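The values are calculated or read from the model by the stated rules, or taken from the named source; none is laboratory data. None of the values given here were measured: they were computed from a predicted structure. Using ideal geometry, Cβ is built from the backbone for each residue, glycine included, and neighbour counts are taken over all protein chains shown.
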Amino acid sequence: MKLLVEIRDNKAAFIMELLNNFPFVKAKPITNEKALLLEEIKEAVENVKLSKQGKLKAKPLTKLLNEL
């Protein structure tokens, strides 16, 4: 299982050391940019699910491409 945890900067070193002391845990920090990207991807996937369920109206592809 993968888990994304947000930790205050002043506690990050302690938490990383704690997690790395467990042999069954692999912990590595990610940049704020990567965390933001992951959140945006998660939101996009959720929007696709809602669109497929008919709970969210999707934009036509031509309109989406014209915005680029």
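For segment 46-68, a residue qualifies if it is surrounded by 10 or more Cβ atoms within 10 Å (Cβ to Cβ) and modelled with pLDDT of 85 or more, and the qualifying residues are 46, 47, 48, 49, 50, 51, 52, 56.
Can you work out which of the residues in segment 29-43 that are β-branched (Val, Ile, Thr) and over 11 Å from residue 4 (Cα atoms) is surrounded by the fewest Cβ atoms within 10 Å (Cβ to Cβ)?
Here the residue is 31.
Quick check, is residue 26 surrounded by 10 or more Cβ atoms within 10 Å (Cβ to Cβ), assigned to a loop (DSSP other than H, G, I, E, B) and of a type in the set (D, E, K, R)?
No, not satisfied.
For residue 7, the conditions (1) at pLDDT below 90; (2) under 21 Å from the mean Cα position of the chain (by Cα) all hold with the exception of (1).
Cβ-Cβ distances below 7 Å connect no pair with a first residue in segment 1-24 that is under 24 Å from residue 39 (Cβ atoms), a second residue that is among the polar types (S, T, N, Q) and exposed (fewer than 10 other Cβ atoms within 10 Å of the Cβ), and a separation of six or more residues or different chains. Is it the case, given these coordinates, that residue 35 is in contact (Cβ under 8 Å) with a residue 24 or more places away in the chain and in a helix (DSSP H, G or I)? Taking the combined requirement at face value, the residue satisfies it.
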